[in-house]
Amino acid sequence: MKDLTPSASVTQQMIDGWKQQYGTVAKMTVKENGETKVVYVRKPTNKEIDFASANLTRGALTQYGITMFNTCQIAGDKLVTEEALRNVGQYMNEMIEAVEVEFEKL
């Protein structure tokens, strides 16, 4: 398990450093067991996407999102319930920036 900086200790200077280091960074606010928790995630690398995608070939869509979240969380509070992990996991694809591509077969 990673040793994460708790959300209450995260500063704007840290966020700016993460943006410089990782590019895209996001903050997620999660309600879990009546508590508000905050987590910070970064954009995954291609290698990390490939690793997590192995879950997709087995039909484990939920596990894909959880793997992406666990890999990319850089700070924040620990999520303990499967429901919270499942819900944040489904947002991880939004960290992958899409680009417009035109394809023309010749």
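Kindly evaluate residue 38 against the criterion of being surrounded by 18 or more Cβ atoms within 10 Å (Cβ to Cβ) and either touching a Lys or Arg at 6+ places or on another chain (Cβ under 9 Å) or among the charged types (D, E, K, R) (or both). Lay out the reasoning, then the answer.
Numbers: surrounded by 18 or more Cβ atoms within 10 Å (Cβ to Cβ): no; either touching a Lys or Arg at 6+ places or on another chain (Cβ under 9 Å) or among the charged types (D, E, K, R) (or both): yes.
No.
Evaluating residue 65 against the criteria (1) farther than 21 Å from residue 3 by Cβ; (2) assigned to a strand (DSSP E or B) leaves one unmet condition, (2). Of the residues in region 79-99, not one is part of a loop (DSSP other than H, G, I, E, B), surrounded by 15 or more Cβ atoms within 10 Å (Cβ to Cβ) and acidic (Asp, Glu). Of all residues in region 28-45, those being in contact with a strand residue (DSSP E or B) (Cβ under 7 Å, 6 or more places away or on another chain) and touching a residue at least 40 places away in the same chain (Cβ under 8 Å) number 6. In this structure, is residue 9 among the polar types (S, T, N, Q), over 15 Å from residue 96 (Cβ atoms) and more than 10 Å from the chain's Cα centre (by Cα)? When the stated conditions are applied, residue 9 passes them.
Over 21 Å from residue 98 (Cβ atoms), out of contact with any Ser or Thr (no Cβ under 8 Å at 6 or more places or on another chain), of a type in the set (Asp, Glu) and part of a loop (DSSP other than H, G, I, E, B): does that describe residue 16?
Details: over 21 Å from residue 98 (Cβ atoms): yes; out of contact with any Ser or Thr (no Cβ under 8 Å at 6 or more places or on another chain): yes; of a type in the set (Asp, Glu): yes; part of a loop (DSSP other than H, G, I, E, B): no.
Judged against the criteria, residue 16 is not a match.
Taken over region 44-66, the criterion of being closer than 21 Å to residue 21 by Cβ and surrounded by 13 or more Cβ atoms within 10 Å (Cβ to Cβ) is satisfied by 44, 48, 49, 51, 52.
Quick one: is residue 102 modelled with pLDDT of 85 or more, loosely packed, with under 15 Cβ neighbours inside 10 Å, in a loop (DSSP other than H, G, I, E, B) and among the acidic types (Asp, Glu)? Here the answer is yes, as residue 102 does meet what is asked. Look at (1) in contact with a Lys or Arg (Cβ under 9 Å, 6 or more places away or on another chain); (2) closer than 17 Å to residue 91 by Cα; (3) part of a helix (DSSP H, G or I); (4) in contact (Cβ under 8 Å) with a residue 24 or more places away in the chain and you find that residue 48 fails only one, number (1).
The values are calculated or read from the model by the stated rules, or taken from the named source; none is laboratory data. Owing to the predicted nature of the structure, the values given are computational and were not obtained by experimental measurement. Using ideal geometry, Cβ is built from the backbone for each residue, glycine included, and neighbour counts are taken over all protein chains shown.
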